[in-house]
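Visitor: My questions all concern the structure below.
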Amino acid sequence: MSFRLYIATAIGLVTAGGAAYATEAHYDCTGGTGVAAQFSPPNVANGQVVLTFDGSGSRIILPQTRSADGGRYAGDGIDFWIKGKTATLTRSGASENCTTD
């Protein structure tokens, strides 16, 4: 069995035998927020991200929305917009710039 690794922006996608699995990226933000983001595979009809915030363990599921550039997920007053290894996290009208390795 061979494994192939595809990477698109900050999202890693592993395929094994034709099945796609999303991976997780961890972001450190300028306001001190740490957040793990688990993305759905890019080939699903209704993409989403599950955000888990460091320290609190609270999880938020955001649906993917239209974006002219990068990947954008929004709902419930939260906006998470990724492009490459950077992201902008907006909550309650306040934005933080975030990066991942």
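Visitor: What list do you get for Ser67, Ser92 if you sort them by fewest beta carbons within 10 Å?
Guide: Exposure proxy ranking, most exposed first: Ser92, Ser67.
Visitor: Would you mind computing, in nm to one decimal, how far apart the modelled labels at Ala45 and Thr86 are, each placed 7 Å from Cα along Cα→Cβ?
Guide: 3.6 nm
Visitor: A follow-up question, please. Take each of the peptides 77-83, 50-56, average the number of other beta-carbon atoms within 10 Å over its residues, and list them starting from the highest.
Guide: Working: 77-83: 17.0, 50-56: 13.4.
The densest-packed peptide leads the list: 77-83, 50-56.
Visitor: Find how much the distance from Gln38 to Ser58 grows on full extension, using 0.36 nm per residue of separation minus their present alpha carbon separation; answer in nm with one decimal. Could the numbers behind the result be given before it?
Guide: On the way: separation 20, 0.36 × 20 = 7.20 nm, distance 1.35 nm.
This chain segment gains 5.9 nm when fully extended.
Visitor: Also, I was wondering about something else. Can you pull the one-decimal nm distance between simple spin-label points at Asp101 and Asp69, each 7 Å off the Cα toward Cβ?
Guide: 2.8 nm
Visitor: Return the sequence-ordered ³J(HN,Hα) values of region 35-40 in whole Hz as given by the Karplus equation 6.51 cos²θ - 1.76 cosθ + 1.60 applied to θ = phi - 60°, using x for Gly and Pro.
Guide: Listing the rounded values in order: 9, 9, 10, 10, 9, 6 Hz.
Visitor: Using modelled backbone amide H atoms (1.01 Å from N, in-plane), which distant-in-sequence or interchain residues come within less than 5 Å of Gly47's amide H?
Guide: Residues meeting the amide H criterion: Gln64.
Readers should treat all values here as calculations from the given coordinates under stated rules, not as data from a laboratory. Keep in mind the model is a prediction, meaning the values are calculated, not measured. So basically every Cβ, Gly included, is an ideal-geometry build from the backbone, and we count neighbours across all protein chains shown.
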